[in-house]
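The block underneath contains the structure these notes are about, expressed in structure tokens.
The values are calculated or read from the model by the stated rules, or taken from the named source; none is laboratory data. Source: prediction; values computed, not measured. Counting neighbours? That spans all protein chains shown, and the Cβs are built from the backbone with ideal geometry, glycine included. Heavy atoms of the whole protein, side chains included, go into the accessibility calculation; ligands, DNA and RNA do not. Shrake-Rupley method; radii C 1.70, N 1.55, O 1.52, S 1.80 Å.
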Amino acid sequence: MKRIFLIVLDSVGIGAEPDAPEYGDAGTNTLKSASTSSFFHMPNMEKLGLFNIEGMDYHPSCEVPMASVARMQEASKGKDTTIGHWEIAGIYSGRPLPTYPNGFPLEVLDEFTRLTGRGVLCNKPYSGTDVIRDYGDEHLRTGSLIVYTSADSVFQIAAHEDIVPPETLYEYCRIARKILVGEHGVGRVIARPFTGTAGNYTRTSGRHDFSIEPPSVDMLDQLKENGCAVIGVGKIHDIFAGKGLTEYVYTQGNEDGINKTLDYMDKEFRGLCFINLVDYDMLYGHRNDIDGYAKALTYFDQRLPELLARLKDEDLLMITADHGCDPGYTVSTDHSREYTPFLLYGRNIPPVNWGTRDTFADIGATVLDYFGITPQFKGKSMLPH
């Protein structure tokens, strides 16, 4: 009953990639910035070998690490959650997903208004908390939907739950998802319900992402085709639009994500449990909150022994990331084009330092190799043979 638990620490990059200047991200290093906080403490990840990875010259390494490690370089164009996760699973994206620094074109918004029967407010890049503060009153007065974007490839719709019930908001998102294809095929349409009164609006936990469907066969598809369980924890289901999954569960933050992962560790299955822990990115990276980011990393490190203790003899634990979001980079609050860490631990896996790999897809190839499956994508396994 071989099982793999693949955990993505969302946005925990480990240093600017060579082409980072093309993305405006020269000098970024998410983990290094977090390590400057007095709240940063990751002794368990240190023992696994996190600081043995190439480029980690700012923190002591471990003489005898427990895990195999590598520094992963993204081959795809882009620096967002969707493209990062897709490449982990074996999908190469030759161009970034479209972004809209000047807002969405009228042909998109006019069709959206026609199909929903509601007007549109804002239509520009905006902070999610600021946008409901600045447009919430007008939304309540008119019933028009607050549509906004960010530096990412996203079409976000905010609506007060008293004006637009969450299920209706989700339906509006499905309408937008059908419109946003082809040249306007954004990575995600995101529902952003909120509550409260003027001057005191608050986003709820009812966020829901509607992702563009992966364009080709990937790790998840191949596992499923070969009879393996493919379990998504957190926003994995949304990132892959449900494609290739056999089971999924949403989470409310990192603590809940870790708890649900531990629950799956107590279950019998053969296959992959693919986990996304989103708080680093969503709560701290985009807000330049170095201490918050450090506390979240420390919390994961404190829970790591529980995860290791639940592993069975043939289980593997993989830990990686999908991009960076440097909380110390004050030029912007956007994602950053960074290398990501990869750690592979199993009781029967000898520790090897694999240096720097030239694609995240080597992770997907490693997963498939463990189950004796030949990947239908470019990627090289890091399992010893």
Worksheet entry | Amide N proximity, the range 1-37 versus Thr246 label position 7 Å along Cα-to-Cβ, cut-off under 13 Å | 1-4
Fill in: Global geometry of the range 148-194, whether rounded, prolate or oblate, following the gyration tensor of its Cα atoms and the 1.5 cut on a/c
oblate
Worksheet item: Given H placed 1.01 Å from N in the peptide plane, which residues other than close sequence neighbours of Arg357 have an amide H under 5 Å from its amide H?
Response: Arg71, Met72, Gln73
Item to complete: Provide, in order from the shortest bin, the percent of all Cα-Cα pairs of the chain in each 10 Å bin, continuing until the bin that contains the maximum pair distance.
Response: 5, 24, 33, 24, 11, 2, 0
Worksheet, complete the sentence: For the chain, the longest principal axis of the Cα atoms and the Cα long axis of helix 106-116 enclose an angle in degrees, to the nearest 10, of 80 degrees
Response to the item:
dims of the range 108-152, Cα set, principal axes, largest to smallest, nearest Å -> 27, 26, 9
Discussion item. Given bins 5 angstrom wide, list per bin the percent of all Cα-Cα distances in the range 319-385, short to long.
Written reply: 3, 15, 22, 20, 16, 10, 8, 5, 2, 0
Discussion item. Taking 8 Å as the Cα distance limit and 6 or more residues as the minimum spacing, I'd like the relative contact order of the chain as a percentage.
Written reply: 31 percent
Worksheet entry | Cα shape, the range 219-323, gyration tensor, a/c 1.5 rule | oblate
Worksheet, complete the sentence: The equivalent-ellipsoid semi-axes of the range 166-297, taken as the square roots of five times the Cα gyration tensor eigenvalues and listed largest first in whole Å, are 27, 22, 14
Discussion item. Normalised radius of gyration for the range 263-385, please: alpha carbon Rg relative to 2.2 N^0.38 Å, two decimal places.
Written reply: 1.19
Item to complete: Classify the range 202-270 as rounded, prolate or oblate, taking a ≥ b ≥ c as the square roots of the eigenvalues of its Cα gyration tensor: rounded when a/c is under 1.5, otherwise prolate if a/b is larger than b/c and oblate if not.
Response: oblate
Practice prompt. Quick one: pull the percent of accessible area on the chain belonging to carbon and sulfur, 1.4 Å probe, ligands and nucleic acids left out.
Written response: 49 percent
Fill in: Hull shadow area, averaged, the range 11-68 [alpha-carbon convex hull, nm²]
4.6 nm²
Fill in: Rel. contact order, % - alpha carbon contacts under 8 angstrom, at least six apart, the range 262-365
25 percent
Worksheet item: Quick one: Cα convex hull volume of the range 1-132, Å³ per residue?
Response: 210 Å³
Item to complete: Would you grab the residues whose amide H sits under 5 Å from the one on Leu145? Only those 5+ places off in sequence or on another chain, please, with H modelled 1.01 Å from N.
Response: Gly119, Val120, Leu121
Item to complete: Starting from the Kirkwood radius over alpha-carbon pairs of the range 35-75, derive D by Stokes-Einstein at 20 °C in a medium of 1.002 mPa s and give it in µm² s⁻¹.
Response: 194 µm²/s
